[in-house]
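Each reported figure results from applying straightforward, stated rules to the coordinates on display, with no laboratory input. As the structure is a prediction and not an experimental result, all values here were calculated from the model. Every residue, glycine as well, gets a Cβ built from its backbone with ideal geometry; the counts of neighbours run over all protein chains shown.
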Amino acid sequence: MSGAVDALARMVRYYPGGRPAVAARLGLSDEDLRKKLSVSDRSRHLGVEEAAAIASMCHEVGAVDADAYAVVVAAESGGRFVKDARTGDNDAKALLARLGAENKEAADLTQAVLTAMADGVVSDREKRDIEEQAMELMVAVQRLLDVCHANNAAHAQPGRQGGGA
């Protein structure tokens, strides 16, 4: 489940103070957390409770990609993560900016698939790259949905479902 470790590493990178701050909150040294978040160095493993604690920390401060771990775990479990619609930005300009970001993520995924299949064989490395791109796209789409849900909820009228006809 390297996608989950990659997601956690990305979340930690965006946490205020980065890896040293997260390590301190977990009671670990920065070096121990670095090794636990390394896909190439599997001498130390990140436990499920540590992963959940990192997700909680990132969520409480509103860090970028705070839901990345949840998205990956849900996807790898055959489901999908649906963020609470009461959170997020409901600004129309933000929605349009995010739509552009999702288009870029989709293009990156498409390019990764085309490149991998050019020789007719998808290698293990190419498969991992495609999976990583797909997870990033799922996170980006979830953010887009968050904006739509928040906008709808912000414009809800009493006695009506959501923000309009």
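Observations
- Trypsin sites (Lys or Arg not before Pro) within the range 8-57, DSSP loop, no more than 15 other Cβ atoms inside 10 Å: Arg42, Arg44
- For the chain, relative contact order (Cα pairs under 8 Å, six or more residues apart, normalised by length) works out to 22 percent.
- Going from the residue with the fewest nearby Cβ atoms within 10 Å to the one with the most, Cys58, Cys148 rank Cys148, Cys58.
- By other beta-carbon atoms within 10 Å, ranking Val64, Val72, Val147, Val12 with the fewest at the front produces Val64, Val147, Val12, Val72.
- Remark: C-alpha extents of the chain on the principal axes read 57, 47, 27 Å, sorted largest to smallest.
- Shape analysis of the range 92-154 yields a ratio of the Cα radius of gyration to the Kirkwood radius, Rg/Rh, of 1.15.
- The slack in the chain from Ser123 to Val48, taken as 0.36 nm per residue of separation less the alpha-carbon distance, amounts to 24.1 nm.
- Hull volume per residue, based on the alpha-carbon atoms of the range 1-75 and their convex hull, is 74 Å³.
- When Glu31, Glu60, Glu102 are arranged by Cβ crowding within 10 Å, least crowded first, meaning fewest neighbours, the order is Glu60, Glu31, Glu102.
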